Amino acid sequence: MPELPEVETVRRGLAGALVGATIARVVQRRADLRFAFPQNFAARLAGRRVEALERRAKYLVAVLDGGEALIMHLGMSGSFRVEDQPIGAFHHPRGAPGPHDHVLFLLSSGATITYNDPRRFGFMDLAGRDNLADYRFFANLGLEPFDPALDGPALRAMLAGKAAPLKAALLDQRLVAGLGNIYVCEALHRARLSPLRAAGTLTAPEARRLVAEIRAVLEEAIAAGGSSLRDHRQTNGALGYFQHGFSAYDREGAGCANKGCGGMITRIVQGGRSTFYCAACQR
């Protein structure tokens, strides 16, 4: 599933085409994705101007004039493609829409944005723009990793008393929103912290170091266009390339990249997900 860097990469790719544009027409090619589309979905979007495109955790939020917001989630395999296309009589830029091109946004600027999702685990929804904090998927989300309020003391307070493994706690979206399996593995490796240790045992220096490494790995991944392990594509169709710089994730059996370690990356399973770490230096 796309994690924060992949979603942020998509947001930045869409923003140039979407923000300030008016949605002239929506072609909705099926009744549902993971969930049914909202009632009168296409009609409610037609004629609306996109005032901003934001990200909350792993969700995209297009803020519309008229009082609503379009909320989008990529699921496992969702992607957007931005292409120039005069509106006129509708012709898809790449010929007829493919079988997995489920929603097409025709913009007043002449651009076409196509949402493709082979596995259909993504979704689109509409909600009131003024009460998004109470939206059903946002109400229980924790701090964003880039929120200035997330510092060492704040993270340590979140984890205080928790016996759950540190990795599991960091994946809890109620604590820190947007972190996923890949980047938690990477941040813990860089911070030399074991994914197995009890979350509540972090010291103050360790918590500060972990927050810094979380932000650093996310920033580097965003700059690289995210990680394309399976389905992720940028809005121009290009792959992300951060996967070529992994220090731990998917590197089972490789030597540890941490300076002076000399250990080896091991794969274990936690909560049904693969964890990659170095037992020699991650304590």
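Take the conditions (1) over 18 Å from the mean Cα position of the chain (by Cα); (2) of a type outside the set (S, T, Y); (3) modelled with pLDDT under 95; A21 misses just one of them, which is (3).
May I ask you to say which residue of P195, P153, P145, P165 is modelled with pLDDT of 95 or more and within 16 Å of the chain's Cα centre (by Cα)? Can you show your working first?
On the way: P195 fails: within 16 Å of the chain's Cα centre (by Cα); P153 fails: within 16 Å of the chain's Cα centre (by Cα); P165 fails: within 16 Å of the chain's Cα centre (by Cα).
None of the other options fit; the residue is P145.
Under the condition of being in contact (Cβ under 8 Å) with a residue 12 or more places away in the chain, farther than 13 Å from A154 by Cα and of a type outside the set (A, V, I, L, M), the residues counted in region 202-222 number 3. Taking region 110-126 as the range and being crowded, with 17+ Cβ neighbours inside 10 Å and over 20 Å from the mean Cα position of the chain (by Cα) as the test, the residues that pass are A111, T112.
Selection of region 27-74 for residues being farther than 26 Å from G180 by Cβ, of a type in the set (V, I, T) and buried (at least 18 other Cβ atoms within 10 Å of the Cβ) yields only V50.
Taken over region 18-63, the criterion of being within 19 Å of L132 (Cβ to Cβ) and hydroxyl-bearing (S, T, Y) is satisfied by Y59 alone.
The values are calculated or read from the model by the stated rules, or taken from the named source; none is laboratory data. Please read all numbers here as calculations on a predicted model, not as lab measurements. Note: ideal-geometry Cβ built from the backbone for every residue, glycine included; neighbour counts use all protein chains shown.
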